[in-house]
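The values are calculated or read from the model by the stated rules, or taken from the named source; none is laboratory data. On a predicted model such as this, the values are computed, not experimentally measured, just so you know. Heads up, the Cβs are rebuilt from the backbone with ideal geometry, glycines too, and the neighbour counts pull from every protein chain shown. Calculation scope for accessible area: heavy atoms of the full protein, side chains included, ligands and nucleic acids excluded. Shrake-Rupley method; radii C 1.70, N 1.55, O 1.52, S 1.80 Å.
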Amino acid sequence: MQRRGGKRIRMDEPPPEYENPMTPQVEPDNYGGYSHSNLYGVEAYAEQAGTSSSDGMFESPPTPGMRRITRSKARGHTNPPPPMAPSYSPTGTGAATTKGRGRGRPPGRKNHVEGSSEDETSLYHYIKNSKVSLTNIVDEWIESYKVNRESALISLMQFFINAAGCKGRITQHMQATMEHAAIIRRMTEEFDEESGEYPLIMAGQTWKKFRQNFCDFVQTLVKQCQYSIIYDQFLMDNVISLLTGLSDSQVRAFRHTATLGAMKLMTALVDVALTVSVNLDNTQRQYEAERQKTREKRASDRLEALLGKRQELEENMDEIKNMLTYMFKSVFVHRYRDTLPEIRAIAMTEIGVWMHKFHANFLDDSYLKYIGWTLHDKVGEVRLRCLQALQPLYASEELKGKLELFTNKFKDRIVAMTLDKEYDVAVQAVRLVISILKHHHEILTDKDCEHVYELVYSSHRAVAQAAGEFLNERLFQPGDVDTGKTKRGKRRLPNTPFIRDLVQFFIESELHEHAAYLVDSLIESNSMMKDWECMTDLLLEEPGPQEEPLDNRQETSLIEIMVCCIKQAATGEAPVGRGPTRRVSSLREMKQAGEDKQKLTEHFIVTLPPLLDKYAADPEKLANLLSIPQYFDLDLYTSGRQEGSLQSLLVKLKHIAQVHHEPEVLETLAKTLEILCTEGHSIYTRCDVARSTIVDMIVVCYKDAIDDWRNLLLGEETPNADETFNVVSSLKKVSMFYACHNLNQWNLWSTLFQDVKDTESMLPPDALKFSLSACFYCLLWGLRGLEVQHEGGGLTGPGIQEMRQRLDEFIEAAQVLIRCSPHNTIKEEAYVCLCDLLIVFSEQLSSTATALADLTCQPDRNLQSLLNEFVQSYVFVPEQNAEHDEHRIEELHKRRNFLAAYCKLIVYNIMPTKAAADIFKHYVKYYNEYGDIIKATLSKAREINKVNCALTMCLSLNMIFQEVQKLSVGKNTRQNEEFFALKELAKRFALSFGLDAVKNREAITALHRAGILFAVTGADQPEDPTGPPPNLPFLEILTEFTNKLLKQDKRVVLTFLDRRITTGMPSSRGEDWQPLLLYRNSLLHGESDALPVTSKRAYGRKRKDPESDHEQDEVLSDQEFPGNLYG
């Protein structure tokens, strides 16, 4: 290949035809000119594959012309057929194969395969079955080649043909009398490609092993032949000629197999070239050393031998380069844009290998441009191979100089690929950007880096961790920076500046609720994330004279990051939304988490009390710090002799419970106290005493506040702001602690429930809300107490009766509050409590303990209706344009919880599937907000009962149809926009049934019959006996489900339809009757549209003559699909 030096290289964009990757479509003008002497010469391919001008060299390669090629032309015949070309040159672009011919064998042609069964002595058989080592197979083949090279060559060619899945045989006669183009044409005609499968794409361990053996065989063959046979101008000429012709075939199997073979052949030749290059360098050094000797010591015969050896090696190197250049132009240049992504991926993988191994020849912008262009490929796997090919090039210090122009041209594309929709590609792109940062850091702009920074918050863990590595490389590289000293002279730890930078990065990213994601991105790649001492020193130690103190926002951010680090280090779990939800940790990960947990416990046992002291007045910081003991190894308090620290912590907890009223602080405090009071630990007794003290204090505060409140009301006085605050805050504490601790021994039910059941209660709404939740937890703890008594054998009847009475009273009071309360917060709390209680006290109680069966609750129709009305009023509401996104997201999250609470009642079979009809009808309209919840409910309802689920779908459609009718008074219902939305909903319902028509047969048939019955509703006493029923347009909706019926069921449904409504009246061909005709035609599905016998009325719910139905099966009776399902 000619070297083009000194000119600017054009590598900007991929070729314009790259968007439509090419396959060979041209027939070359001739196949002449083949000879051993010029096979690899530049002259042989210059006109076809490249130009000598350096200006034009980096233009996109030409797209082959496209001409219509007849089958006779594809076989090499014209009219009249010319004589066969006397010779074949692989420099042609390869219409030697079946260009333009259809896949498979031509019609009418017999298969002339000779010996269609696999030859057990063939190379293909040995390599496929892996019974002999590849080295032995190659050695035996070489021996046979030395004896009879024609025969050995045929066996090798036969291997490539068989490896493509073709059973055609190449005979001695064919090899002697036919060109490779003609042989390939014959093999193509005998190729049975009907199945579309061939060894390289077939599944199974055998074929996976064969693919590897195929590649290894080619490389082993060249390696074993590298010293003589590959230079004999026979073997390589014929193999390259065959692979070049096959790689240009229209037959995918030939093209794929030959391209893989040719690319692996080039890789093997690169290895040979490297060996020759080393030998050449050694010979040159020996020659120079010998020549430098004095005349007396110089051996002239040795000089001549070295000179001859050098000349021979130079000739060998030239020949190998010619082979590589020819194959690159004849195979790679065409196949890197093949229509088959697997072939494009092979090309990109191998060119990367050549560039890395033989960079002197291939690491050049004239080759790099192909990778650059293919970075735009539509298929993720091909883009991934491009990035993988570039990775080792950028990782090498010595090669970075040759990549400068390429990096300048394609840097923007590589940075953009960090946002690739294929996560594997995005990960590899980030790693490549890291390599660019290391070796070409001046090329990356701040904006480029910001693109990658943002990925630490990606929901995909591998992408985020790769971005974390980039962050380490860019921001957290150790240097000679003085870390400084604290006010009392303690030297700061080395990670101090990095943690400051991390905090600043977190603040500037403005994603303050995603600290856990940032931590997860860095915790495995940066040790500072577990440098507890460094973090606590920054928080506790006073800054030195040369240090800048942390401001309030930085302290808050550092505490949040620190707590997230503690949680992940102790549990080993990724944050929610990252990674699999049910991932099982390995033993190594569990061991690491255990060690980390011990280290952080040892550190924070001592430092947590001072931290709580310092930030006692800041609720946000306090809520985070209070959660730290939840991740302690609690036994270290005693084994480490830290009882004093434990006592200090418990005193702090009591103080916080006394003075703080913020929900997040109280909630975290109650949870932490629950963890500390876990039975079985050595500190349980001490913590339990502390808990009792704290609860006593809370209960006394509540009783005092509520007594004062009630006394004021009895005296007809109005409580002031302080008295109102005392009631609300004390109830809040009771409710928060009731959620984690059993407060039933303090007998609070009567005083709490007194305000809940009083419909005219003067309690503030927040206080009433906390009373409700406290009563709810009282019931749950009461049930837990009964279960414990049952397990111990001491369960008594009065205990169950008291629980039943409280449960009934609470459910009644909650229903009243949902109906009558003027405050939404009260309604919402009552609704959530009711839904949860119905699940806890469902029929599963009787299966857990038969003695508790009396406590089971079944929602009656009124309660079901109440819950449904709440969902319709508070969940399915138009989106409000809230000023703040945060508030809007919180509201949506709350509404999703309401919907999920209702849907759980259906999923757990507490309410009938029919109750979901009002939910299902919103499936499409509110898909973005609740689609996942409704879809899951739909799926679970189908698991419970397919028929009931289908009928519920039909009921949902009926409801919306009736609403559409009300909106279309005096207009055509079918032209209403809402009617089209209804069709879309029906289509979505139909898709949910999947592809298994047999499994859903009964359900789909039931849905059709229910729909037909609805369509003829109201037809008994019509104003116009010949007019259509009012609901007839519903049949058009039903048409969406027709393709889910089996053919025989269509006939049954059609009969069912015709018995209830007929199309025989003249008026039935009018516009109003079109839905019926559409529905009937969809049921006929190509069968003759024979109209039923005309009746006096165009519709009828009942037959006058009972005998006329005698031949129909009972499955057509209405009783099977009762109308009261929709009552």
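Consider Thr825 against the criteria (1) surrounded by 15 or more Cβ atoms within 10 Å (Cβ to Cβ); (2) touching a Pro at 6+ places or on another chain (Cβ under 7 Å): it satisfies all of them except one. Which criterion is unmet?
(1)
Taking only pairs six or more apart or across chains, which ones have beta-carbon atoms under 9 Å, a first residue in segment 215-232 that is touching a residue at least 40 places away in the same chain (Cβ under 8 Å) and within 18 Å of Gln158 (Cβ to Cβ), and a second residue that is among the charged types (D, E, K, R) and buried (at least 17 other Cβ atoms within 10 Å of the Cβ)?
Listed pairs, sorted by first residue: Phe217/Lys264; Val218/Lys264.
Only one of Leu1013, Leu985, Leu957, Leu1007 is assigned to a helix (DSSP H, G or I), touching a Ser or Thr at 6+ places or on another chain (Cβ under 8 Å), modelled with pLDDT of 90 or more and surrounded by 20 or more Cβ atoms within 10 Å (Cβ to Cβ); which?
Exactly one of Leu1013, Leu985, Leu957, Leu1007 is assigned to a helix (DSSP H, G or I), touching a Ser or Thr at 6+ places or on another chain (Cβ under 8 Å), modelled with pLDDT of 90 or more and surrounded by 20 or more Cβ atoms within 10 Å (Cβ to Cβ), namely Leu985.
Kindly provide the set of residues from segment 1048-1069 that are modelled with pLDDT under 65, open to solvent by less than 30 Å² (accessible area, probe 1.4 Å) and closer than 18 Å to Glu1036 by Cα, ordered by number.
If the condition is that a residue be modelled with pLDDT under 65, open to solvent by less than 30 Å² (accessible area, probe 1.4 Å) and closer than 18 Å to Glu1036 by Cα, then Thr1062, Thr1063, Ser1068 are the ones that fit.
What are the residues in segment 500-523 that are assigned to a helix (DSSP H, G or I) and either among the aliphatic types (A, V, I, L, M) or not assigned by the TED database to the domain that holds Gln554 (or both), if any?
Answer for segment 500-523, where residues must be assigned to a helix (DSSP H, G or I) and either among the aliphatic types (A, V, I, L, M) or not assigned by the TED database to the domain that holds Gln554 (or both): Leu502, Val503, Ile507, Ala515, Ala516, Leu518, Val519, Leu522.
Name the helices (runs of 4 or more DSSP H) wholly inside segment 611-663 in which the number of residues that are out of contact with any helix residue (DSSP H, G or I) (no Cβ under 7 Å at 6 or more places or on another chain) and either among the β-branched types (Val, Ile, Thr) or at pLDDT 95 or above (or both) is 1 or more.
Ranges flagged: 636-639, 643-659.
Please go through (1) crowded, with 19+ Cβ neighbours inside 10 Å; (2) out of contact with any Lys or Arg (no Cβ under 9 Å at 6 or more places or on another chain); (3) more than 25 Å from Gly644 (Cβ to Cβ) for Lys597 and return the number of the only condition it doesn't satisfy.
Among (1) crowded, with 19+ Cβ neighbours inside 10 Å; (2) out of contact with any Lys or Arg (no Cβ under 9 Å at 6 or more places or on another chain); (3) more than 25 Å from Gly644 (Cβ to Cβ), Lys597 violates only (3).
Show the residue pairs that are 6+ apart or on different chains and have beta-carbon atoms under 7 Å apart, the first residue being within segment 259-275 and within 12 Å of Phe332 (Cα to Cα), the second being small (Gly, Ala, Ser).
Thr259/Ser247; Ala262/Ser247; Met263/Ala347
Kindly provide the set of residues from segment 108-133 that are surrounded by 14 or more Cβ atoms within 10 Å (Cβ to Cβ) and either β-branched (Val, Ile, Thr) or modelled with pLDDT under 50 (or both), ordered by number.
Listed by number, the residues that qualify are Val113, Ile127.
Quick one: count up the residues across segment 892-908 that are part of a helix (DSSP H, G or I) and in contact (Cβ under 8 Å) with a residue 60 or more places away in the chain.
Residues meeting the conditions: 7.
Checking the structure you have, find out if any residue of segment 782-792 is part of a helix (DSSP H, G or I), within 18 Å of Arg691 (Cβ to Cβ), of a type in the set (Gly, Ala, Ser) and open to solvent by less than 10 Å² (accessible area, probe 1.4 Å).
no
If the Cβ limit is 6 Å and pairs must be 6+ apart or interchain, which residue in segment 1042-1062 that is assigned by the TED database to the domain that holds Ala950 pairs with which residue that is among the basic types (Lys, Arg) and open to solvent by less than 20 Å² (accessible area, probe 1.4 Å)?
Pairs found: Phe1056/Arg1009.
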